[in-house]
Amino acid sequence: MYLYPFILHSHSILRWVALLFLIIAIVNSLLGVIRKTSFTGTDLKMSLWAMVTFHLQVLLGIVLYFISPKVQFTAGMMKSDLLRFYTMEHVSLMLISIVLITLGYLRAKKKIEKGHKQIFVFYVIAFLLVLVAIPWPFREIFGTNWIY
């Protein structure tokens with residue numbers, strides 16, 4: 001269990017990198033839609049970096065899911081806001097988000113002429129789900145801080 005703090009801190013710090021790349025990809029695609037510019041290889045790479053960091057986040061999250069004391073399958077799990085969040089809500093929303101990010105990237109790669117719009121739509125929906133699923137410090141039940 002000594003790996004738990006290291007993986008937890010890595011997962012928590014990497015969220016900022018993943019969010020940054022996601023925001024960059026969203027802003028870039030929004031500008032592409034507004035300016036009606038063509039979707040280039042550079043645009044595809046920006047969205048790829050967002051997807052890759054989120055996939056890395058998911059891998060760390062899956063490891064945490066199996067070793068975290070906050071994930072419990074007990075009789076009273078659904079009655080506890082904290083346990084329900086980590087056992088069901090967080091993982092479900094994050095998996096939906098990674099699917100949306102991956103689909104957006106693959107559709108943009110396939111339909112280059114509509115790449116900016118594909119990235120924007122899929123990444124914004126994923127971004128909103130991610131914002132809901134993060135255990136923010138201002139949500140009292142989590143007892144977390146801004147770093148981990």
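Hey, among the residues in the stretch 1-11 that are assigned to a helix (DSSP H, G or I) and touching a residue at least 12 places away in the same chain (Cβ under 8 Å), which one's surrounded by the most Cβ atoms within 10 Å (Cβ to Cβ)?
Among them, the one singled out is His11.
Taking into account only those residues within the stretch 1-49 that are closer than 15 Å to Ile119 by Cβ and of a type in the set (S, T, N, Q), which is nearest to the chain's Cα centre (by Cα)?
Ranking the candidates gives Ser47 first.
Using the structure shown, decide if Trp16 is surrounded by fewer than 16 Cβ atoms within 10 Å (Cβ to Cβ) and under 15 Å from Phe127 (Cα atoms).
For Trp16, the condition - surrounded by fewer than 16 Cβ atoms within 10 Å (Cβ to Cβ) and under 15 Å from Phe127 (Cα atoms) - is met.
Quick test for you: out of Phe39, Phe21, Phe54, Phe66, pick the one residue that is under 25 Å from Phe6 (Cβ atoms), in contact (Cβ under 8 Å) with a residue 40 or more places away in the chain and among the aromatic types (Phe, Trp, Tyr).
Exactly one residue qualifies, and that residue is Phe54.
So, restricting to helices (runs of 4 or more DSSP H) that lie completely within the stretch 45-148, which ones have at least 3 residues that are surrounded by 18 or more Cβ atoms within 10 Å (Cβ to Cβ) and not β-branched (Val, Ile, Thr)?
Output list reads 90-110, 115-133.
Taking the stretch 12-41 as the region of interest, how many residues are among the basic types (Lys, Arg), over 17 Å from His55 (Cα atoms) and assigned to a helix (DSSP H, G or I)?
Of the residues in the stretch 12-41, 1 are among the basic types (Lys, Arg), over 17 Å from His55 (Cα atoms) and assigned to a helix (DSSP H, G or I).
All but one of (1) free of Cβ contacts under 8 Å to residues at least 40 places away in the same chain; (2) more than 16 Å from the chain's Cα centre (by Cα) hold for Val91, so report the exception by its number.
It is condition (2) that Val91 fails.
Within the stretch 76-118, track down each residue that is more than 23 Å from Ser29 (Cα to Cα) and of a type in the set (Lys, Arg).
Lys79, Arg84, listed by residue number.
Each value in this text was obtained by applying a stated rule to the coordinates, not by laboratory testing. Please read these numbers as outputs of a predicted model, since none were measured by experiment. We place every Cβ from the backbone using ideal geometry, glycine too, and count neighbours over all the protein chains shown.
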